[in-house]
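Visitor: Take this structure first; my questions come after.
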Amino acid sequence: MSTYTIKRVQNETEKKRALGVRRCVFIEEQNVPENIEIDVHDNEHTATIHVLALDEQGEAVGAGRLREYEPGIGKIERVAVLSSCRSHGLGRLLMEKLEAEAVENGYRTVKLNAQLQAQPFYERLGYKPEGNTFMDAGIEHIAMIKTV
């Protein structure tokens, strides 16, 4: 099993690496239009927190972001793991880092919109579905929530 380093993005170079992972997963693999995938929350002047996962060789292999949804509620978005690194625990590590960042930033609750195929993964991490499924970027999703 590989060892990964999950870190909060500290500069534009690291953010570009995180966006590169997202590009591979969402735009190239899942055919999400770039103008939907890269949005205002990726702007350098926002308070969005980005995280980056690196493998043992220092290659960017995972990413995610956290932003304020409402006072006291953080929203985890754009969690992406390169296909070559899936099923090795990296998604769980990314989520643990994002949740730790949420707590550090005073969020009591985190929510996310999970792709339906990923719902069981998030349920194993303690997320509860809420509401009905909906389409986003041509992919079926469900809103999920967790107290942290």
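The values are calculated or read from the model by the stated rules, or taken from the named source; none is laboratory data. Nothing here was measured: the structure is a model prediction, and the numbers come from that model. We place every Cβ from the backbone using ideal geometry, glycine too, and count neighbours over all the protein chains shown. In case anyone asks, the SASA skips ligands and DNA or RNA and just uses the protein heavy atoms, side chains included. Shrake-Rupley method; radii C 1.70, N 1.55, O 1.52, S 1.80 Å.
Visitor: Going through G131, G126 one at a time, which residue ends up being open to solvent by 20 Å² or more (accessible area, probe 1.4 Å) and either modelled with pLDDT under 95 or assigned to a strand (DSSP E or B) (or both)?
Guide: Going through G131, G126 in turn, the sole match is G131.
Visitor: Could you please find all residues in the stretch 39-51 being open to solvent by less than 60 Å² (accessible area, probe 1.4 Å) and among the aliphatic types (A, V, I, L, M)?
Guide: The answer is I49, V51.
Visitor: Counting only residues that are touching a Ser or Thr at 6+ places or on another chain (Cβ under 8 Å), among the charged types (D, E, K, R) and under 24 Å from T48 (Cβ atoms), how many does the stretch 104-140 have?
Guide: Of the residues in that region, 1 qualify.
Visitor: Which number in (1) farther than 16 Å from Y4 by Cβ; (2) modelled with pLDDT under 95 marks the one condition that A102 misses?
Guide: Result: A102 passes all but (2).
Visitor: Restrict the check to the stretch 41-57 and report whether at least one residue is out of contact with any Leu (no Cβ under 7 Å at 6 or more places or on another chain) and on the phi > 0 side of the Ramachandran plot.
Guide: no
Visitor: Got a sec? Which of E14, E56, E28 is in a helix (DSSP H, G or I), of a type outside the set (A, V, I, L, M) and open to solvent by 60 Å² or more (accessible area, probe 1.4 Å)?
Guide: E28
The rows are residues; the columns are (1) at pLDDT below 95; (2) under 16 Å from the mean Cα position of the chain (by Cα); (3) under 15 Å from E77 (Cβ atoms).
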site: K15; (1), (2), (3): no, yes, yes
site: A18; (1), (2), (3): no, yes, yes
site: I38; (1), (2), (3): yes, yes, yes
site: T46; (1), (2), (3): yes, no, yes
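Visitor: Can you tell me which residues in the stretch 74-109 are of a type outside the set (G, A, S), within 19 Å of V61 (Cβ to Cβ) and either in a loop (DSSP other than H, G, I, E, B) or in contact with a Cys (Cβ under 6 Å, 6 or more places away or on another chain) (or both)?
Guide: L82, R86, H88
Visitor: Right, another one. So, F121, is that one open to solvent by less than 30 Å² (accessible area, probe 1.4 Å) and in a helix (DSSP H, G or I) or not?
Guide: Criteria not met by F121.
Visitor: A further question follows. When the stretch 102-138 is examined, which residues are found to be farther than 27 Å from A47 by Cα and among the charged types (D, E, K, R)?
Guide: Answer for the stretch 102-138, where residues must be farther than 27 Å from A47 by Cα and among the charged types (D, E, K, R): E123, R124.
Visitor: Here is a follow-up. When you scan the stretch 80-130, how many residues do you find that are within 11 Å of M144 (Cα to Cα), in contact with a Lys or Arg (Cβ under 6 Å, 6 or more places away or on another chain) and touching a residue at least 24 places away in the same chain (Cβ under 8 Å)?
Guide: Result for the stretch 80-130: 2.
Visitor: Can you find even one residue in the stretch 80-101 that is among the basic types (K, R), touching a strand residue (DSSP E or B) at 6+ places or on another chain (Cβ under 7 Å), surrounded by fewer than 17 Cβ atoms within 10 Å (Cβ to Cβ) and farther than 19 Å from I142 by Cβ?
Guide: no
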